[in-house]
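Notes follow the structure.
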Amino acid sequence: IVNFPSGDVTYDIASSFVIDHMTNLTINGNGDTIYQNVAGPESSAVDPVMEIYENSSLDIHNLTVKGSGSDGGGTSGDFYEGDAGWLLEANHGVRLTDNTTENIQGDCFQDQGGYDSFLTGVNEGHLLNDNVSLLDSTWENCGYHGLTVEGANGLLVRGNTWTELGLDAMDFEVDTLSTYIDSGGGINSSAEDNALIEDNTWSAFGGDWFASLQSHCC
């Protein structure tokens, strides 16, 4: 268990706050802020504020995650999609509760498909994020999508507030035709399976409430 000091402390970071290969870790933010004070790069580069991959049983609550997009002075929108608030890949059990994410250049939250494998190695890159929960949190002022889901098996999104989103409120997509089938017949790499989204509030988004535009994905 990691307890951040209470008292509205801000931690300035120039790139990403990385949590990887941890097991049974609980982080109590105590109302503190992680602030990415340097705007992320354009195009295909990936520079999320929170970079979360290959963890098991990770619990983060009462933390503010702040980027340099929109009102924060950075450039936002479709060319900065990878500069997300949270980017998850190949995790097994992540619970985000009572957090605030704001002023993000790209997506507020990106459940990354393993086919892109921005973060993980070759063997791990086919894994889905399974059993991920986003609960009772605030997501606001994000330059691209609110909730992007590409590689999920077991996703719960409940009691959140989403507002001031540059494009679609939710984007369920797969950017490639390929889906990896393992030796046991299991689907890996890219999927949007077993998702429950309920009791959320959505407002002020620039595109669709729910988009799934790649016809081969569903």
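The values are calculated or read from the model by the stated rules, or taken from the named source; none is laboratory data. Bear in mind the structure is a predicted one, so any value in this text is a computation, not a measurement. Neighbour counts run over all protein chains shown; Cβ positions are idealised from the backbone, glycine included. When the accessible area is computed, the model is the full protein with side chains, heavy atoms only, and any ligands, DNA or RNA have been set aside. Shrake-Rupley method; radii C 1.70, N 1.55, O 1.52, S 1.80 Å.
For beta carbons closer than 6 Å, sequence separation of 6+ or different chains, a first residue in the range 1-23 that is within 18 Å of GLY93 (Cβ to Cβ) and touching a residue at least 40 places away in the same chain (Cβ under 8 Å) and a second that is part of a strand (DSSP E or B) and not aliphatic (A, V, I, L, M), the qualifying pairs are ASP20/TYR53.
Tell me, which residue of the range 19-51 that is of a type in the set (Val, Ile, Thr) and touching a strand residue (DSSP E or B) at 6+ places or on another chain (Cβ under 6 Å) is surrounded by the fewest Cβ atoms within 10 Å (Cβ to Cβ)? Going through the qualifying residues, I end up with THR23. Scanning the range 60-72 for any residue that is among the hydrophobic types (A, V, I, L, M, F, W, C), at pLDDT 95 or above and in contact with a Leu (Cβ under 7 Å, 6 or more places away or on another chain) turns up at least one such residue.
State all residues of the range 21-67 that are part of a loop (DSSP other than H, G, I, E, B), over 11 Å from PHE4 (Cβ atoms), more than 16 Å from the chain's Cα centre (by Cα) and among the polar types (S, T, N, Q); if no residue qualifies, say none.
Here is the first cut: in the range 21-67, the residues part of a loop (DSSP other than H, G, I, E, B) are 21-22, 29-32, 37-49, 54-55, 62-63, 67.
Subsequent filtering for residues that are over 11 Å from PHE4 (Cβ atoms) retains 21-22, 37-49, 54-55, 67.
After this cut, where a residue has to be more than 16 Å from the chain's Cα centre (by Cα) as well, the list is 21-22, 37-39, 41-44.
Answer for the range 21-67, where residues must be part of a loop (DSSP other than H, G, I, E, B), over 11 Å from PHE4 (Cβ atoms), more than 16 Å from the chain's Cα centre (by Cα) and among the polar types (S, T, N, Q): ASN37, SER43, SER44.
If only residues of the range 73-113 that are open to solvent by 40 Å² or more (accessible area, probe 1.4 Å) and charged (D, E, K, R) are counted, the one that is modelled with the lowest pLDDT is ASP78.
For the range 130-155, what are the residues that are outside any loop (DSSP other than H, G, I, E, B) and open to solvent by 10 Å² or more (accessible area, probe 1.4 Å)? Before you say what the answer is, go through the steps one by one.
Our first condition is that a residue be outside any loop (DSSP other than H, G, I, E, B); within the range 130-155, this holds for 130-135, 138-142, 147-149, 151-155.
Residues satisfying the conditions are ASP130, ASN131, SER133, LEU135, THR138, GLU140, ASN141, ASN153, GLY154.
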